[in-house]
Each structure stands twice: as C-alpha cells, then as structure tokens.
1. What FRET efficiency comes out for THR153 versus THR425 if R0 is 41 angstrom and r is the Cβ-Cβ distance? Round to the nearest 0.05.
2. Go ahead and run the numbers for FRET between LYS244 and SER175, Cβ-Cβ distance against an R0 of 35 Å, rounding to 0.05.
3. How would THR426, THR407 line up by accessible area, probe 1.4 Å, largest first?
4. Which FRET efficiency value, to the nearest 0.05, is calculated for ARG83 and THR195 with the Förster distance at 22 angstrom and r the Cβ-Cβ distance?
5. What is the sum of charges, Lys and Arg at +1 and Asp and Glu at -1, for the other residues whose Cβ falls under 11 Å from the Cβ of ARG279?
6. Stick to the Cα atoms of the stretch 427-468, pair each with every other, and give me the Kirkwood hydrodynamic radius in Å at one decimal.
7. Residues of the stretch 417-452 with the amide nitrogen closer than 18 Å to a label point 7 Å from the Cα of ARG252, along Cα-to-Cβ, please.
8. With every protein chain left in place, what is the accessible area of PHE294 in Å² (1.4 Å probe, nearest 10)?
Amino acid sequence: MTRLASSYRVSLRLYVVFSLLMAVSAAASGLLLLYLARPFIRELRSQAAAQATVLLFTGAGVAGAAAAVAGLVVGLRLAGRIRVIVRKAEALSGPASGEPVQKVTDELGALDAAVGRLTLSLDHFVRDSDILGRLPEGMLLLLPTGEVLSFNTTAEILLGVSLERFRGVPIFSPSGVFPSENGNEALAQFLKEATENQHSIHMSEVGATTVNGQSLLLEMTVQHREWGVDSTALVLLFRDGSEKQRIRDEIRRADQLALLGGMAARVAHEIRTPLSTIRGLLELLQSDQAPGSFNQEYMKRIIQAVDRQDRLVENLLTLSNPEPDASQAVSLLALIEDVLAMLPADPRVRVTGPIGAVPLVWGDAFRLSEVFANLIQNALEATPEGSVDVRIEAGPEGRARVSVRNTGAGIPPELRDRIFQPFFTTKSRGTGLGLAIARQIVEAHHGKLDMVSDGVSETTFVVDLPAAAPRGAVDSS
C-alpha cells in the first residue's frame, strides 16, 4: 500500500487551474461576441466603430478578470474540501511506517491517492474483521486518546454489552465501557503502564466493572499499533479469567480432599479400633451399675461422646471415598420417605411430589440417604419457627431434582463460597463436614448440589441427579 506524504508539494494548484480556465472562457466569449458583431460595427462611423470595438475588448477583459476571480474562489473552496477529505481518509486508513511515499503534484492527485489508500484499507478491514470475529478472545481497538474505534463480537459476548454505541467514546469516561467511577482503577493503571512503556504487556487477572455494573475477572494483553503520524493505537485482547480461577479452586479443593483422604485412613486405623474397645467396655461397666445411679448416667454420656467421635471418623472416611458401594435404581420419593422415617417426626417438614415424570436415579441408596438426611436436618436446625419444604420433580433433559427449602434463615453472600469447604461451620458444635460430604456424594453420582439464598430468611439446596434407569422407568411411588 502506497502512503501519501503528510505535506505534498503541488506544482499547479487546483484553484489556479479553475481561475485560468474561467478567465480564458470569459475572454474567449468576449472575443467571439466581437467577431459576431463585426457586420454591425462596419455600418457605424469610423469613430463610433472604434469606440464600440474598444468597449467590447474592455468588456471581454473585465469579464475575463471577473471570471478569474470567481474561478479562484471556487477553486479555493474545492481545494479546501479536498484537503479535508484527504485528511479524513488518511486518519481512517491509519498509515503504517516503512511504506514508500507517493509523490503527488495537485489536489486531484492527492485525492486519488487518498481514495486508493482508503479503498485498500477497507479491503484489509473487511478481511481482518472476519478474522477478528473468529477470535476466541475479545478485542477492543482504542485510539491514542482512549476512544473506542473497533471491537469484535467476542468482546460484546464477554462484556455482556452492545459496543456499537461506544464508538468514539473514551473507555474510562462516565459513559464509556469501563467508567472510572465503577472501580476500574486497576484496569486504568494497567493501560497507563502499557501506554507509557510502549511495549506489549500481559496481566493474568485484572478486575473490571462494565457500564451496566457487571463485575468481571479478565486476562488481558495490550499491544501497540502505529496510527497516524508519531502516534500509536492500543489493541486490547482479553478473555474470561474466572475459568482459570475456577480451575485453581478445583485444584486446591482436590489437594485438600487428598490430604483429608490420607488423614482419614490414618484416623480410621489409629482411632476407630480403640473407640470400639472403649464403647464395649463401657457397656459392660454400665450393665453392672444400678439403674438410675449417677455412675450409669455418667457412662451413658461417655458412650454418647464416643459415638460422636465414631461418627466423625465415619464422616472423614466418606469424605475421602464418596463413591457408591453398590448401585441400583432408586426412587427418590421412597428414599425421602425412608429418611423422614429415621428422623424425629416434625410437622414443619412438607413433601411435594413427584411432579412430572420423575425418573429413577442410579446410585447407592445409603449414600444418597446421607445427603438428604443432612440437608433436611440442617434445614430444621435453621428453621426454629418456619417450614421446611422438600420438593421432588423432573428436571431438564430427563434428570431428577430434589429441592430442600427452609424459610427460617438465609446464608450471607460472604459465606456462600465457603459453606461447602471441609471443616467450615457456623454451628457451635458442628464439624463442618456435612455439606462437604453431601456435595462429594452427589458429584460421585454425576450430579450437582447447588445453593440459592436471599441472605435473610430463605435458603434452598438443590440436588440434581442424572437418570440412568431403563428406558421408560419413572418414579411412580
């Protein structure tokens, strides 16, 4: 692509050409009129003929001069408009360095060169737009002053904003894509550093908040592209960084579970056998005591404490190995009824379902009963006066879903990411393993355990399980 010099040398200005052409045309018109008037001038007296001739020549000269001035004015206006068009074409085409300079000698040559450059630039833009549209990364092209010049479809998808209305708007302005008052100081500092250093820069995680208030974690790279004369544009390439964060959290969680698995095996070996011995001996001693004696009551409390430690060991073993022991077709309604039969009767618990064609699920009924017993018991403890609703229904894509909802307590937003962590609890006597074990068991059955809460007075745990029963088998319990 040839590049036009920023200040071209013109040998014959357009307005000079207009002035000369109009002057010559006016003078030629006067002379033609004089030629056509010869028969009439010959009929006049010699003195009158001379005066008429002089008058016609003078008129032709005046007309030529007036036409020259008019041509000069028109030419100057046209030349001014052409210069504006040339400057705009040069700005839009973004000249690059290292290209040969095309010498032009007049405004029309400059216009022709600018239009040619703009046409070639548009051709490149169409080709590049197709490439940018296929990029897995979002792209924002910023002018040196920070205005958004271009973008791709991926950027709109990642940001959740239609970017067309932000063309020409500074990115950090109050009406920009990332308003500075929305807490985008880290992103602004990152771009400032990239601009000052004049080299590509990468950041694996940078927080940003869009104009519509959506908070994002972005992985961003900033590159430079020459733009105009002695200036550069910024190319922002970014992708969603939350996926990397999720993977890191999963790795951290897997490491924790691996550590717990090794610890559980040691605990089972070192503690469980002595606990069984202690419990057996206490039962023998208790049988030798008189009914209702203080010693018998003390031994009863000791046995309860031993049982609690034994359940803790059992929970650790389940956490380290949540895989089903024996799988079979399980009716969720029958399973929930069995769980409620094992728990103390409570009128606050209401069961709804099955709703729709709830399929049988394939899994370990004992393991799944642990999940629902834990969720229902937690809901009852969090609901001293409210109700606990257990809802069994058909989920999307032939899955089965059980929701356990309490109307007594919500979970604050700052705790929602921690409630499934092992040993995290808000109870004074809790172990912090119940929900962690429940999620492990559900995921071992290729399902999901999610939580939704208003943070004040309502929390719902949703267990979503895949159906693996024979075709056509549904829960009709």
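1. After rounding, the FRET efficiency stands at 0.35.
2. It comes out at approximately 0.70.
3. Correct descending sequence by accessible area is THR426, THR407.
4. The calculated FRET efficiency here is 0.10.
5. With Lys, Arg at +1 and Asp, Glu at -1, the neighbours total -2.
6. 11.8
7. 417-425, 436
8. 150
The values are calculated or read from the model by the stated rules, or taken from the named source; none is laboratory data. These numbers come from a predicted model, not from an experiment. Every residue, glycine among them, receives a Cβ derived from its backbone with ideal geometry; neighbour counts consider all protein chains shown. In case anyone asks, the SASA skips ligands and DNA or RNA and just uses the protein heavy atoms, side chains included. Shrake-Rupley method; radii C 1.70, N 1.55, O 1.52, S 1.80 Å.
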